[in-house]
Amino acid sequence: MSEVETTRVLYVVGSARSGSTILDTLLGSPSGVASVGELTNLVQFGWMNRELCACGEAGDKCAFWVGVREAWHARVPGLNEAEYVKRARSWERILGWLTRVNSLRPGLARYQRETAALYQSIAELAQVEMVVDSSKIPGRALALAGAPDLDMRYLHLVRDGRGVAWSLRKAFEKNLEAGVQHDIKPLPLASIARRWALVNSLAERVVRQANSQHAVRARYEDLMQDPLTFFAAVSAMSEFDYSNVAQQVVDGAAFAADHAIAGNRVRMAGPVRLKHDRAWESGFSAEELQTFESRARRWLRRYGYLN
Ligand SMILES: [Zn+2]
């Protein structure tokens with residue numbers, strides 16, 4: 001192994017409920033790539049809280065993640081996981097990147113070094129040339145931009161905000177049925193619309209700041225309707241050949257997550273096939289659509305969802 005070790009990371013940035021869980025599984029399916037779900041949550045939820053890995057083991061028992069944890073600690077002597085989580089949360093928060101706060105504050109290099117060591121440990125244990133991180137949050141992408149030892153590639157995944165809103169509401173209803181989060185009200189549609197627009201504008205900033213050949217915007221709907229074109233764009237941006245994956249999607253193959261952790265429960269559902277979820281189109285009333293569209297019209301138009 002050479003002294004200078006650069007790890008390629010394909011980072012998926014965008015709104016929640018944009019189809020990133022299934023995409024994460026597809027992106028990690030070839031040998032040579034490891035997709036791990038929302039890596040921003042690994043240390044706190046996978047290790048400290050022992051949430052389940054997609055393989056069925058708890059995060060602190062799964063042989064793969066136990067190996068990664070040991071390798072990470074070996075790379076970062078004296079590492080305290082709880083302190084790392086605090087550092088990560090503070091650097092990944094978007095507020096500091098919207099103001100000048102982060103440029104005036106020391107410690108970014110340390111967060112970048114520790115996080116790079118985590119990616120390197122994953123690449124080493126999985127024996128891959130690229131790690132897929134579907135954390136989605138723009139603040140993490142901005143915090144890792146320019147990190148030494150990382151070769152960051154950015155995929156801005158966009159989904160029609162009305163589909164995002166429908167999925168968020170459906171998830172809330174499911175939680176209610178399960179008897180959890182009974183003290184939380186569902187977000188009003190207007191708030192979801194504003195949040196969707198904001199996250200996408202921040203994801204665009206991530207793409208703008210990156211090397212233009214290493215960042216791309218792609219739509220969930222195109223993944224569903226034209227996977228060959230979708231994956232051609234991802235291949236060019238990541239310099240990893242996804243043509244076989246694209247063909248498998250066209251052929252209707254099923255894909256299984258192996259060690260994805262800390263994210264949407266879809267990862268635990270066993271092998272999955274792509275399915276275009278269009279329930280929102282008939283689910284929302286005209287009034288509800290109007291509420292959403294009036295708050296996010298510019299962005300719906302920008303991505304080709306409205307004329
Ligand atoms: Zn596992």
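Where a number appears in this text, it was derived from the coordinates with a stated rule and is not lab data. Computed from a predicted model, the values in this text were never measured in an experiment. Please note: Cβ atoms are built from the backbone with ideal geometry, for glycine as well, and neighbour counts cover all protein chains shown.
Taking amide H positions as modeled 1.01 Å from N, with prolines and chain starts lacking one, the residues under 5 Å from F255 and 5 or more places away or on another chain are V272, R273.
Hydrodynamic radius of the range 29-86 by the Kirkwood approach over all distinct alpha-carbon pairs: 12.1 Å.
List every DSSP H helix in the chain whose Cα atoms extend 15 Å or more along the helix's own long axis and whose mean Kyte-Doolittle hydropathy is at least 1.0.
Flagged H segments are 227-238.
Have a look at A34, A203, A190 and tell me which one the Gaussian network model of the chain (Cα, springs below 10 Å) gives the largest fluctuation. Highest fluctuation among the options: A190. Once you place label points 7 Å from the Cα toward the Cβ at L95 and Q225, how far apart are they in nm? A separation of 4.0 nm, rounded to one decimal place. Figure legend: label point modelled 7 angstrom from the Cα of L198 along Cα→Cβ; residues of the range 94-110 with amide N under 17 Å from it are 94-101.
In whole Å, what three semi-axes, largest first, describe the equivalent ellipsoid of the chain built from its Cα gyration tensor (square root of 5 times each eigenvalue)?
They are 30, 22, 21 Å, listed from largest to smallest.
Per residue, the chain reaches -14500 deg cm²/dmol at 222 nm when only DSSP H runs of four or more residues are counted, each adding -39500 (n - 2.57). The range 181-249 and the range 128-177 have their alpha-carbon centroids 8 Å apart. Using only the Cα atoms of the range 75-195, build the gyration tensor, take square roots of its eigenvalues as a ≥ b ≥ c, and label the shape rounded, prolate or oblate: rounded if a/c is under 1.5, else prolate if a/b is larger than b/c, else oblate. Prolate, because a/c is 1.5 or more and a/b exceeds b/c. Which net charge results for the neighbourhood of Y84, defined as the other residues with beta-carbon distances under 13 angstrom from its beta-carbon, given Lys and Arg at +1 and Asp and Glu at -1? Charge balance in the 13 Å sphere: +3. How far is the Cα center of the range 67-83 from the Cα center of the range 1-62, in Å? If you average the Cα positions of each part, the centres end up 17 Å apart.
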